[in-house]
């Protein structure tokens, strides 16, 4: 018999287990992998963006899906609390562009080891296993059953199994099945923070090209208005586009609505300033063919695509280019457009949108409103945020609040 069983050893589950055990509870953590927090090892390209150095309002404003539900969780365990948690345990942190917080070592393993040592040092019992069902008696949680037939009893259970992204790390949607069994409504899981597929065939020719310091805008084709705009880094792939700003854009896309991504390749320059820049470059290379006159302005791989799209014959001598042709080139550089055709599969998403309906969870405790003794934490809940450390902060905050409340 335990006081608390935590299902899932990711960041939310580890924080929940450690917090509950620190309060004197007898805690069992059940993780299906041989090592906890496998997904955490690959976050932030292996660097682990642990949080975002902002206040509660800053956190909520970056959670487009049910952000207000997290007010109590963020109040109970803020971004500053996360930073204090790690630094007080020997993980030195640094804040980078966009208030993103990383370990100074740039090694996710340091964050993982800190969390695992935290739960072990407080006496959490960790076992490898897969929970396949919950025991519920008289509308109260009583036990969990494992795939091998083992049964563990407890007064409380915290489900922190994650979503459905990166299934090889153990996120296969087990928590949704357990929540459904308990009578909870599951908002259909969909990919969020995911690469996008595009219609343009020329995109594949740019595979592997990274653009830094560009602005990408998501434009609703019906209204013609920008839904979301972000500045930073993006990547061309064989299927379309990816990278930090594209992943953030993907969180704003509604299914069945047509969108365009407009890329401003030179956001630091107005169209007039860009035209003046072109005039200087064209004067410098006045006797060259147009296709050989853009080396100072664009990455080499991108030049053939731009030449084709602006419809200026590539063998045109630079000094023969008209003012109208130059303006057309400027407009293209300020708005390189891609037609979005869809998302990559959910298994390639950073996080999952959807999950346990927040209306069925008490936001002040993370406790189920349906089954006594049942709690939820992390990505299994229908909350998701933009890139920048916000999703991990959700995991830490909801995990802490659940562990504190049991």
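Filter region 336-356 down to residues that are surrounded by fewer than 17 Cβ atoms within 10 Å (Cβ to Cβ) and out of contact with any helix residue (DSSP H, G or I) (no Cβ under 7 Å at 6 or more places or on another chain), then give me how many there are.
Counting residues in region 336-356 that are surrounded by fewer than 17 Cβ atoms within 10 Å (Cβ to Cβ) and out of contact with any helix residue (DSSP H, G or I) (no Cβ under 7 Å at 6 or more places or on another chain) gives 6.
Any residue at all in region 362-378 that's within 29 Å of residue 262 (Cβ to Cβ) and surrounded by 24 or more Cβ atoms within 10 Å (Cβ to Cβ)?
Scanning region 362-378, I find no residue that is within 29 Å of residue 262 (Cβ to Cβ) and surrounded by 24 or more Cβ atoms within 10 Å (Cβ to Cβ), so the answer is no.
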Out of the residues in region 323-357 meeting the condition of being modelled with pLDDT under 95 and in a loop (DSSP other than H, G, I, E, B), tell me which one is nearest to residue 390 (Cα to Cα). 350
Residue in region 1-41 that is surrounded by the fewest Cβ atoms within 10 Å (Cβ to Cβ), counting only those that are over 20 Å from the mean Cα position of the chain (by Cα) and part of a helix (DSSP H, G or I): 22
Within the group 18, 24, 10, which residue is more than 16 Å from residue 156 (Cα to Cα) and assigned by TED's automatic domain parsing to the domain that holds residue 156? 10
Regarding region 42-49, can at least one residue be identified that is surrounded by fewer than 19 Cβ atoms within 10 Å (Cβ to Cβ), modelled with pLDDT under 95 and in contact with a strand residue (DSSP E or B) (Cβ under 9 Å, 6 or more places away or on another chain)? yes
Looking at 309, 294, 279, 329 in this structure, which one is surrounded by 19 or more Cβ atoms within 10 Å (Cβ to Cβ) and in contact (Cβ under 8 Å) with a residue 40 or more places away in the chain? 329
In region 314-337, how many are out of contact with any strand residue (DSSP E or B) (no Cβ under 9 Å at 6 or more places or on another chain) and more than 27 Å from residue 212 (Cβ to Cβ)? 7
Which number in (1) within 19 Å of residue 217 (Cα to Cα); (2) crowded, with 16+ Cβ neighbours inside 10 Å; (3) modelled with pLDDT under 95 marks the one condition that residue 318 misses? (1)
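The values are calculated or read from the model by the stated rules, or taken from the named source; none is laboratory data. This one's a predicted model, so the numbers in the text were calculated from it and none came from an experiment. Positions of Cβ are backbone-derived with ideal geometry, glycine not excepted, and every protein chain shown enters the neighbour counts.
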